[in-house]
Amino acid sequence: MKMDRDRLRMIIQCGVFAAITGIFAQIEIPLPLVPISGQTLAVGLTATILGSRYGAFALLGYTAIGAAGLPVFAGMSGGAHVLVGPTGGYIFGFIAAAYVTGLILEKTSFTLPMAMVANLVGMVVTLILGTIQLKFVADLGWSQAMAAGVYPFLVGGVIKAALASWLGIVVRNRLVQARLIKPAVA
């Protein structure tokens, strides 16, 4: 019975973080090909708080509801066409980034310095996967893809990684204290 309750709690938390990502996606600065948005901050928070498995599950849920047509992607967009468009690689990258970020924290420790490292690695994962799809879908050269899909996001990405790390560790510690999530096994 307790196992079912714990599993249900984590599924609900994944749904909450999928919703948070959809809300943060609407905080955006439009750019010609790829907007700067709050999604990456939400991805970092999700992974730092929930860890690899549930963080990736939450972002997979976010991607699925967006693919189904709910307007949860940046610019109140939704639909499968977004996932195969120029920005789709970033959205798929969110799932991978959440998993990698959470995994680094699970294999090391849920501390602020490790969260910063993990979130920076997650940012790089998102940028790599996003830029690869951007290059091919938009028929750009690598230098053009980097100029449109990486360089504009570096400074903001570092700031969002720091914010996700700090806030994520604070919230995670409080959720562990409240027994709403399990502490990391060392």
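Within the straight-line cut-off of under 24 Å between alpha carbons, the lysines reachable from LYS182 are LYS2, LYS107, sequence neighbours fewer than 8 places apart in one chain being disregarded. The 3J(HN,Hα) values that the Karplus relation (6.51, -1.76, 1.60; θ = phi - 60°) gives for region 13-24 are, in residue order, 4, 4, x, 4, 6, 5, 5, 4, 4, x, 5, 5 Hz. Gly and Pro appear as x. Placing a pseudo-label 7 Å from each Cα along the Cα-to-Cβ vector at LEU31 and SER143 gives an inter-label distance of 1.8 nm. Within the same chain, aspartates and glutamates fewer than 8 places from LYS160 are excluded, and of the rest, those with a Cα less than 20 Å from its Cα are GLU28. For the chain, the Cβ-based charge dipole about the Cα centre amounts to some 700 debye (Lys, Arg positive; Asp, Glu negative; other atoms uncharged). A Förster distance of 30 Å, applied to the separation of the beta-carbon atoms of TYR151 and GLU106, puts the FRET efficiency at 0.45. Taking each residue as 0.36 nm, the span from ILE11 to MET76 lengthens on full extension beyond its C-alpha to C-alpha distance by 21.0 nm. Taking 7 Å steps out from each Cα toward its Cβ at TRP166 and MET3 produces label points 4.1 nm apart. Remark on region 2-177: hydrodynamic radius 15.9 angstrom, per the Kirkwood mean of 1/r across alpha carbon pairs.
Counting only DSSP H runs of at least 4 residues, each contributing -39500 (n - 2.57), and dividing by the residue count of the chain, the helix-based mean residue ellipticity at 222 nm comes to -24500 deg cm²/dmol.
Every number here is computed from the coordinates shown, using simple stated rules; none is lab data. Predicted, not measured: the structure shown is a model, and the values here were computed from it. Please note: Cβ atoms are built from the backbone with ideal geometry, for glycine as well, and neighbour counts cover all protein chains shown.
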